[in-house]
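Colleague: Take this structure, written in C-alpha cells, and hold onto it; I'll ask about it next.
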Amino acid sequence: MKRILILLFLATFITINLTSNLTSITPEQKKIILIDPGHGGFDGGAVSKRKTIEKFLNLKIALKLKDRLKDKYDVVMTREDDISLHNKDKDGIKSKKQQDLANRRKMIDDSNCDLFVSIHLNKFDSPNVKGCQVYYADNEKSKIFASILNENFGAITGGKRRVPKPNQAYIILKNIETTPSVIFEGGFLTNAEEDAMLNTDEYQSKLAEVIEKSIDDYFIKIKSMENDTSNTTNENNTSNTTIMSN
Ligand SMILES: [Zn+2]
C-alpha cells in the first residue's frame with residue numbers, strides 16, 4: 001500500500017512539473033491584424049478613365065496581404081467578397097454608406113485587433129497627381145505606423161510619398177485611443193500610369209509587400225521602445241536603491 005502511495009505521489013509530482021514546463025514554453029500569442037478592403041457591393045469607390053473600379057483592386061491587394069500575413073499573425077478581414085457591410089437594403093445610399101463605415105469601425109473594437117489597416121486607392125482632379133497618402137487615427141501608435149508605411153512605400157515601389165496626416169473626420173478612424181490604425185491610399189486611379197500599374201498582379205503584390213513589411217517593422221519598433229522604457233525604469237530603480245543605501 002505504502003509503495004502505491006509513493007508511486008501515486010511521484011506520478012502527481014511529475015505531472016505537475018510537466019504541466020508547468022509546458023505552460024512556460026507556450027509561444028507568444030499572435031498579434032491580431034484587421035485588414036479592411038475599402039468599399040464593396042453597391043459602393044464601388046473611385047472609377048478610372050479605363051473603368052478600373054477601386055473596390056475590386058482594394059480586395060485583390062487585401063487578399064494578397066492576408067496571404068503574406070496568415071502564418072505570422074491572426075488575420076481578420078472586414079470583407080473577403082464584393083459586399084457592403086450595411087444593415088438594411090431599403091435605406092438610401094448615403095445611409096447605407098454610413099452604416100457600412102460604422103460597422104467596419106466597430107470591428108476594430110470587436111476584433112480586439114493589435115493593428116488596423118484600411119486599403120484604398122485615391123482620385124484627384126488633376127491627372128498628374130500620383131503616389132501614396134497615409135491617413136492615421138489621432139494617437140501616437142498610429143502616427144508611428146503611418147510613418148513606417150510611408151517610408152516603406154518609397155523604399156519598395158520608388159513612388160511619390162506625402163506627409164502622413166492625422167484624420168478624425170473619417171468615421172473609420174474616429175475615437176481610436178491606442179490601436180495603431182491607418183487608411184493606406186496606395187495610388188491614384190486618376191493618374192493613367194498608376195492606373196495601369198495598379199491593374200497588374202505584380203504591382204498589387206508590391207503594395208501588399210509594403211504593408212506586410214511595415215506591420216513587421218512596426219511591431220519590432222514597438223518592442224524595442226518598450227524594452228528601452230523598462231531598461232530606463234530599471235536604471236532608475238537601481239539609482240533609487242543607491243540613494244537609499246547612502
Ligand atoms: Zn476609397
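Colleague: Between Leu63 and Asn103, what FRET efficiency comes out of the Förster formula 1/(1 + (r/R0)^6) with R0 = 22 Å and r the beta carbon distance, rounded to 0.05?
Modeller: Efficiency, from the Cβ-Cβ distance: 0.65.
Colleague: Within the stretch 32-223, what percent of beta bridges assigned by DSSP are antiparallel, to the nearest 5?
Modeller: Working: 6 of 23 bridges.
Bridges in the stretch 32-223 are about 25 percent antiparallel.
Colleague: Shifting gears a bit: Starting from the 7 Å offset along Cα-to-Cβ, what nm value, one decimal, do you get for the label separation of Glu151 and Ile53?
Modeller: Result for the modelled spin labels: 3.9 nm.
Colleague: Here is a further query. Report the full-extension gain for the segment Ile83 to Val129: residue separation times 0.36 nm, less the Cα-Cα distance, to one decimal in nm.
Modeller: That pair, Ile83 and Val129, stretches by 13.6 nm at full extension.
Colleague: Return the whole-Å distance between the Cα centroid of the stretch 87-151 and the Cα centroid of the stretch 163-181.
Modeller: The stretch 87-151 and the stretch 163-181 have Cα centres separated by 8 Å.
Colleague: Based on the Cβ-Cβ distance from Lys72 to Thr178, what FRET efficiency comes out when R0 is 22 Å, to the nearest 0.05?
Modeller: 0.55
Colleague: Sort Val163, Val117, Val134 so that the residue with the fewest other Cβ atoms within 10 Å of its own Cβ comes first and the one with the most comes last.
Modeller: In order of increasing Cβ crowding within 10 Å: Val163, Val117, Val134.
Colleague: Mind sorting Arg162, Arg104, Arg50 by how few other Cβ atoms lie within 10 Å of their own Cβ, fewest first?
Modeller: Arg50, Arg162, Arg104
Colleague: So if R0 is 25 Å, what FRET efficiency would Met225 and Asp110 give, r being the distance between their Cβ atoms, rounded to the nearest 0.05?
Modeller: 0.35
Colleague: If you don't mind, there's one more thing I want to ask. Among residues other than Ile172 whose Cβ falls under 9 Å from its Cβ, what is the net charge (Lys/Arg +1, Asp/Glu -1)?
Modeller: +2
Colleague: How are the alpha carbon pair distances in the stretch 122-190 distributed across 5 Å bins from zero to the largest one, expressed in percent?
Modeller: The percentages, shortest bin first, are 3, 19, 26, 22, 17, 10, 3, 0.
Colleague: Across the stretch 32-223, how large is the tail of the calculated P(r) beyond 28 Å, expressed as a percent of all Cα pairs?
Modeller: 18 percent
Read-outs: derived from the displayed coordinates by stated rules, not from any lab. A quick note: this is a predicted structure, and the numbers were derived from the prediction, not measured. Cβ atoms come from the backbone with ideal geometry, glycine included; neighbour counts cover every protein chain shown.
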